[in-house]
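Taken together, the values in this text are just the output of simple stated rules run on the coordinates, not laboratory data. This one's a predicted model, so the numbers in the text were calculated from it and none came from an experiment. Don't worry about glycine lacking a Cβ; one is built from the backbone with ideal geometry, like all the others, and counts go over all protein chains shown.
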Amino acid sequence: ADTRQVCRFDYPFECRAIAGMGLDSKGRVRFEPRRNDPLVNPHNRAAIMAWRANIDMKPVLSEQAALSYIAKYASKAESNAPQFPALLASIAEQADTAATAQSMCQKLLNKMLGERAYSAQETAHLLLGIPLVRTSVQFQTLNLSKDGSLRPIGRGDEDGEPQADNEQGYHRYMQRSDELDRFSVQELFQTYRWRAGEWRKRRASTTVVLRVFPRFSPNPEDDNYEQYCRIKILLHHRFRTTEELCSGVGDEQRTWRDAYGTCTEDGHSHSRDTLRSWQQESQAADDSDDNEDEEIDPDLAELDEADWQVYMALFPNAALPVYDHGDLGRRPLD
């Protein structure tokens, strides 16, 4: 098997005298500036002089690229901070025999602040009571579990109205007035809200994203595919009783899989929802298989690794030593 390491950022690049456009290893369009070094990041000299630190420069060439970049970092979870005894033990192992208790405490504080789980901006927002997230849409969570509940869950709607319990939410939809009969579950919860004992229309400018649970696999071979079909039918088809959704010819009762299959065969168009899509997931799997067949540049194997790469290979997950002014003269650099 080929064990050569390949840079996921496509380095090294070919040197070029004129800037132009090109494609990366995944077939996406990118801007390729002129360069005289194969390993230097694309940069802007004015930005570096203003920032006074390393900063790369990459122009946004499409809406999808911007959305993917934002979603990547917005959804990235913060790594858990190490426990206090483990943090203190790691500092004690690296401490010099002549280190004082004061210098140990200073190193501990520096390490706690340097690898903090909360940023200064997030802390300021929390102390001032400012929301960490502002959205242009409202989110409504809906539970369509098999136990018979059809329950909106959460702290409340935009006016702070408490959400319905299981039985109320289930019967409120099925017992809606005749003028609301044309709405499916998704359409009703996105267009109306329950307020003061009645369904009231939302503002025309209000966009509601309905987050539906539970979330099952859309793979037809999955054991829970029957439940996935059930939720799709309940979400997008009008009903007064759930039994009518599975009614067949005469008194025959169909499975949810059969009902969903008939729905797709008849060309019934469902509005966009937040459930998983088998078409998208299977397409993503095919694209992943195609990427595995990409050719590897043979010149990459001849590159020498930098010192920090060798260090990380020898000591994986090792914490970098922390120095303060009390260590001047005893650091490896000195």
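Data overview
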| quantity | calculated |
| --- | --- |
| Calculated Rg and Dmax of segment 1-69 using C-alpha coordinates, Å | 14.0, 47 |
| Residue order, fewest to most beta carbons within 10 Å, for 173, 192 | 192, 173 |
| For segment 29-38, 3J(HN,Hα) per residue [Karplus equation, 6.51 cos²θ - 1.76 cosθ + 1.60, θ = phi - 60°, Hz, x = Gly/Pro] | 6, 9, 8, 10, x, 5, 8, 10, 9, x |
| Those lysines that a straight Cα-Cα span of less than 29 Å connects to residue 26, excepting residues fewer than 8 apart in one chain | 58, 72, 76 |
| Long-range HN-HN contacts of residue 192 with modeled amide H, under 5 Å | 202 |
| Amide H contacts of residue 209 (H built 1.01 Å from N, under 5 Å, at least 5 apart or other chain) | 138, 139, 140 |
| Part-to-part distance (alpha-carbon centres) for segment 201-254 and segment 1-74, which is given in Å | 44 Å |
| Local electrostatic count at residue 221 - Lys and Arg +1, Asp and Glu -1, tallied over other residues with Cβ under 15 Å | -2 |
| Local electrostatic count, residue 59, Cβ distance below 14 Å [Lys/Arg +1, Asp/Glu -1] | -1 |
| Per-peptide average of other Cβ atoms within 10 Å, ordering 8-14, 226-232, 256-262 highest first | 226-232, 256-262, 8-14 |
| For segment 98-107, Karplus couplings with θ = phi - 60° (6.51, -1.76, 1.60), whole Hz, Gly/Pro x | 8, 5, 8, 4, 5, 5, 5, 5, 5, 5 |
| Net charge over other residues, Cβ less than 10 angstrom from the Cβ of residue 274 (K, R count +1; D, E count -1) | +3 |
